[in-house]
Amino acid sequence: MRPRHLRAGAALLCLAALTTLVSCGSSDEAGDGRTTVDYWLWDDLQLPAYQECATAFEKANPDIAVRITQTAWNQYWQNLTTQLVSGEAPDVWTNQATYYPQFAAGNQLLDLQPYVERDGLDVSAYQAGLADTWVKDDKRYGLPKDWDTMAVVYNTDMLKRQGVDLAALNDLTWNPADGGTLEQVIARATVDSEGRNGLDPAFDKDHVEVYGFLPEWADGAQGQNGWGNFAAANGFEYLDKNPWGTHYKFDDPRLAETVSWFRHLIDKGYAPRLDQQSSVARTELLIAGKGAMSLAGSFTVSSFTGPKVKQDFGFAAMPVGPAGRKSALNGLADSVWAGTDHKEEAWKWVKYLASADCQDRVAAHGVVFPALKSSTEKALAAHEADGDDVRAFTDAVGTKGVTFQLPVTEHGTEISPLVQDAIQSAILGQEDAADALESVNGKVNGLFD
């Protein structure tokens, strides 16, 4: 799962914006005879863009009002589950690939394929693979809204002070045996309380001021924000087939090698121990100067480039591993509740959300890359106009063989905590990585029996 969601505020945000209704209530009517479409999302940074889309949509559809509710990631899914159980779910919500299979299996999602065919919607206009993620048994359960890839984020001043050639960061290599040139940079970027870096024989790993690399360990069964990218670069594949595979491969030695390499970084003092790691998000720790490098999703770019950020950060391509350069490709979609009383109105809103008119508006805000290829280019132009080089993210989708799909299967929400706990136990040194992953793999695959 992607921690893009963790950027949202902890409380429900209910705002009024122009003619768009942004509320926490529920009603079929807007009070002026219009039909209300309730729309839920979790990302507060994207809220202004979708308010803008809703205003434009209402102008073109004066008989429909859009009411937007934004909730932080964890509470979002709890609230949605509660509303589905009570039969009072929003008409449309932002959906994520780990969660949507359970909604589809429970017949909670409207099949959009008949509407797509009726209205002649061209799903090939989206970035490759995004639309297909939301299809099962010839039924389409969402239209793509955005995508994200991963890159290395680094503090330019910290690396320069340690003599790192920033121009060479796009050509880093990695392997689980010695970490390749990536580990050399991580070691150089790690600084102890006496100012010695990790390559100094006198480096004190017990008194580190700046860690060279900040890993993400609350990363479910996908490892999108960390281990999954490195494991893929080591040749690991999650499933027998993806999407909708039924046999996971978490017992693959190449995954265990990858997890063990992360443990090695901790043992060397180049990364913080999990049991002593701050509860503060990696993004905030990097901005606070506690780390020099990490991985970042394209959805976090504005967190590192915003006007309040005093440090200078850059983005580099993922390092090349034994199986090549790899980056997770994840995409969200908008789905319609099967129980809505306003199917046509909800479809109109979803179709508009997936259109160039809305996605170009989202692109202009520069928070995420929209799903449409044409809108992606406009988002890139918006970043370049602000002086931000984000091609590490867009080059990933434009280079064959770099991106890989995160797993989409039944039981995703059950699998996630099982695998996360197993990997954390290996990182904590409570179990050997191979043993922990072999054990959890049996539990995971048992869910499909």
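Give me the helices (runs of 4 or more DSSP H) completely within segment 257-359, filtered to those with at least 3 residues that are assigned by the TED database to the domain that holds E117, ordered by residue number. Spell out the reasoning first.
Details: elements: 282-287, 301-305, 343-353.
Output list reads 343-353.
Which residue is farthest from N242 (Cα to Cα), if the candidates are limited to segment 298-328 and must be open to solvent by 30 Å² or more (accessible area, probe 1.4 Å) and in contact with a strand residue (DSSP E or B) (Cβ under 8 Å, 6 or more places away or on another chain)?
Only one residue fits best here, namely Q311.
Considering A167, A187, A177, A202, which residue is buried (at least 18 other Cβ atoms within 10 Å of the Cβ) and either out of contact with any helix residue (DSSP H, G or I) (no Cβ under 9 Å at 6 or more places or on another chain) or of a type outside the set (K, R) (or both)? Before the answer, list the steps.
Numbers: A167 fails: buried (at least 18 other Cβ atoms within 10 Å of the Cβ); A177 fails: buried (at least 18 other Cβ atoms within 10 Å of the Cβ); A202 fails: buried (at least 18 other Cβ atoms within 10 Å of the Cβ).
After ruling out the rest, the residue left standing is A187.
Show me the helices (runs of 4 or more DSSP H) found entirely inside segment 63-119 where at least 1 residues are closer than 17 Å to Y50 by Cβ and in contact with a helix residue (DSSP H, G or I) (Cβ under 6 Å, 6 or more places away or on another chain). Break it down into steps so the answer makes sense when it comes.
On the way: elements: 73-86, 100-105, 113-119.
Here the list reads 73-86.
Determine which single condition Y154 fails, assuming it passes every other condition in (1) crowded, with 16+ Cβ neighbours inside 10 Å; (2) under 21 Å from the mean Cα position of the chain (by Cα); (3) closer than 30 Å to V408 by Cα; (4) of a type outside the set (K, R).
(3)
For segment 31-60, give me the residue count where each residue is assigned to a loop (DSSP other than H, G, I, E, B) and out of contact with any Gly (no Cβ under 8 Å at 6 or more places or on another chain). Let's see the steps before the verdict.
Of all residues in segment 31-60, those assigned to a loop (DSSP other than H, G, I, E, B) come to 31-34, 42-46.
Now restrict to residues that are out of contact with any Gly (no Cβ under 8 Å at 6 or more places or on another chain): 31-34, 42-43, 45-46.
Total satisfying the criteria: 8.
Any idea how many residues of segment 206-225 are in contact with a Gly (Cβ under 6 Å, 6 or more places away or on another chain), over 30 Å from Y248 (Cα atoms) and surrounded by fewer than 21 Cβ atoms within 10 Å (Cβ to Cβ)?
The qualifying residues number 1.
Quick check on my filter: what residues within segment 228-262 are crowded, with 17+ Cβ neighbours inside 10 Å and of a type in the set (K, R)?
Selection gives K249, R254.
Being in contact with a helix residue (DSSP H, G or I) (Cβ under 8 Å, 6 or more places away or on another chain), at pLDDT below 95 and either aliphatic (A, V, I, L, M) or more than 26 Å from V153 (Cβ to Cβ) (or both): is that true of L286 here? Reasoning before the result, please.
Working: in contact with a helix residue (DSSP H, G or I) (Cβ under 8 Å, 6 or more places away or on another chain): yes; at pLDDT below 95: no; either aliphatic (A, V, I, L, M) or more than 26 Å from V153 (Cβ to Cβ) (or both): yes.
In short, no.
When both residues are 6+ apart or on different chains and their Cβ atoms are under 7 Å apart, which pairs have a first residue that lies in segment 218-229 and is within 16 Å of L428 (Cβ to Cβ), and a second that is of a type in the set (S, T, N, Q) and open to solvent by less than 10 Å² (accessible area, probe 1.4 Å)?
As it stands, the answer is D219/N225; W227/T258, since those pairs meet every condition given.
Within segment 266-282, can you find the residues that are of a type in the set (S, T, Y) and either crowded, with 17+ Cβ neighbours inside 10 Å or touching a residue at least 40 places away in the same chain (Cβ under 8 Å) (or both)? Show your work before the answer.
Of segment 266-282, the ones of a type in the set (S, T, Y) are 270, 278-279.
Y270 - this is the single residue of segment 266-282 that is of a type in the set (S, T, Y) and either crowded, with 17+ Cβ neighbours inside 10 Å or touching a residue at least 40 places away in the same chain (Cβ under 8 Å) (or both).
Answer yes or no as to whether G245 is in contact (Cβ under 8 Å) with a residue 40 or more places away in the chain, over 25 Å from T190 (Cβ atoms) and assigned by the TED database to the domain that holds K160.
Working: in contact (Cβ under 8 Å) with a residue 40 or more places away in the chain: yes; over 25 Å from T190 (Cβ atoms): yes; assigned by the TED database to the domain that holds K160: yes.
Against the criterion (in contact (Cβ under 8 Å) with a residue 40 or more places away in the chain, over 25 Å from T190 (Cβ atoms) and assigned by the TED database to the domain that holds K160), G245 qualifies.
For T82, indicate whether it is in the same structural domain as F369 (by the TED database) and free of Cβ contacts under 8 Å to residues at least 60 places away in the same chain.
On the way: in the same structural domain as F369 (by the TED database): yes; free of Cβ contacts under 8 Å to residues at least 60 places away in the same chain: yes.
The answer is yes for T82.
Check D395 against each of (1) under 20 Å from F299 (Cβ atoms); (2) assigned by the TED database to the domain that holds A89; (3) charged (D, E, K, R) and name the one condition it does not meet.
Condition not satisfied by D395: (2).
With the requirement that a residue be more than 12 Å from L214 (Cα to Cα) and touching a strand residue (DSSP E or B) at 6+ places or on another chain (Cβ under 9 Å), what does segment 259-286 give you?
The answer is none; no residue qualifies.
Show the residue pairs meeting these rules: Cβ distance below 8 Å; 6+ apart or different chains; first residue within segment 367-394 and exposed (fewer than 15 other Cβ atoms within 10 Å of the Cβ); second residue of a type in the set (D, E) and in a helix (DSSP H, G or I).
Close Cβ pairs (under 8 Å, with a partner that is of a type in the set (D, E) and in a helix (DSSP H, G or I)) amount to S374/D360.
Going through L169, L182, L214, L199 one at a time, which residue ends up being part of a loop (DSSP other than H, G, I, E, B) and within 15 Å of L295 (Cβ to Cβ)?
L214
The values are calculated or read from the model by the stated rules, or taken from the named source; none is laboratory data. The shown structure was predicted, so the numbers you read here are calculated from the model rather than taken from an experiment. Reconstructed Cβ throughout: ideal geometry from the backbone, glycine too, with neighbour counts over all protein chains shown. Just so you know, the surface numbers come from the protein's heavy atoms only, side chains and all, with ligands and any DNA or RNA stripped out. Shrake-Rupley method; radii C 1.70, N 1.55, O 1.52, S 1.80 Å.
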